[in-house]
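> Below is the structure I would like to discuss, written out as structure tokens.
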Amino acid sequence: EELREAKERAELSDRAKSDFLANMSHELRTPLNAIIGFSQMLVDQKAGPLNPDQKEFLSDILKSAEHLLEVINDVLDLAKVATGKLELKAQSFSLREAIAETCGIVKPMADERNVTISVDASIHNDLVTLDPLRFKQVLYNLLSNAIKYNHANGNVKVGVTVDGQKQIQLQVKDTGIGIKEEDLPRIFDDFVQLNIGTTKVQQGTGLGLALTKKILEQQNGSITVASEIGHGSTFTIVLPLASEVHEHA
């Protein structure tokens, strides 16, 4: 009886925490969107000309605000998952187009580090029925990590196959610094950001992989990782071709 009551209290506390995070995230996004909007107007010099220093400072404000918005969106998504409010809308779309679009979004980040991205999506029929926005979010998380933790002049390979059980297998393989064996079981936990030793600590909340795993599981999917220090990491996603989205009660 005591154990049952303790479990109920813990669940109630967890739900209250998730509701608080969801409400706070909404409240934070409104003023932040205003900061981003007005900063963008000033950077575009719609309110008048800027000297080089002013333009540089405003660009820094804009970048920082956009990064903060990403963090808040991650926290909000995590809270939605925890309270069963993360909406997934399955529709038919082209895998090749979704991959190309996401690679296009991360290309400036890759170019900055001279990281090349190659895609092998030579599958006969690439139409799937999943949530396209969440699919691209998952791929974006994996690609941005593969670039962020890569060596300069490294490469990232994206490969897609469809197995006999009508499942998509998508792999993101990098030539980066790799993950220690003892860290592998923790990387999909909430708020975990690994200490990469000599590498400069990267910005982030440690929510990307946790969210990725939860979004995939809600669509009957899974994610696994194989890695070796100094020899890169390979993340493998398995998803059904057509998802009957899991809706939480």
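> Counting just the residues of the stretch 39-49 that are in contact with a helix residue (DSSP H, G or I) (Cβ under 7 Å, 6 or more places away or on another chain) and not hydroxyl-bearing (Ser, Thr, Tyr), which one comes out surrounded by the fewest Cβ atoms within 10 Å (Cβ to Cβ)?
It comes out as Ala47.
> Another question about this same structure. Quick one: Leu142 ticks every box in (1) part of a helix (DSSP H, G or I); (2) exposed (fewer than 15 other Cβ atoms within 10 Å of the Cβ); (3) among the hydrophobic types (A, V, I, L, M, F, W, C) except a single one, so which number is it?
(2)
> So, one more: Select, from His124, His151, the only residue that is closer than 22 Å to Gln91 by Cα, assigned to a loop (DSSP other than H, G, I, E, B) and either hydrophobic (A, V, I, L, M, F, W, C) or open to solvent by 10 Å² or more (accessible area, probe 1.4 Å) (or both).
Only one candidate qualifies: His124.
> For the stretch 94-118, what are the residues that are outside any helix (DSSP H, G or I) and touching a helix residue (DSSP H, G or I) at 6+ places or on another chain (Cβ under 6 Å)?
Let us first name the residues in the stretch 94-118 that are outside any helix (DSSP H, G or I), namely 94, 113-118.
Matches in the stretch 94-118: Val115, Ile117.
> If Leu58 passes every condition in (1) more than 13 Å from Ile36 (Cβ to Cβ); (2) over 15 Å from the mean Cα position of the chain (by Cα); (3) open to solvent by less than 80 Å² (accessible area, probe 1.4 Å) but one, which one does it miss?
(1)
The values are calculated or read from the model by the stated rules, or taken from the named source; none is laboratory data. Bear in mind the structure is a predicted one, so any value in this text is a computation, not a measurement. Please note: Cβ atoms are built from the backbone with ideal geometry, for glycine as well, and neighbour counts cover all protein chains shown. Areas reflect the complete protein model, heavy atoms only, side chains present, ligands, DNA and RNA absent. Shrake-Rupley method; radii C 1.70, N 1.55, O 1.52, S 1.80 Å.
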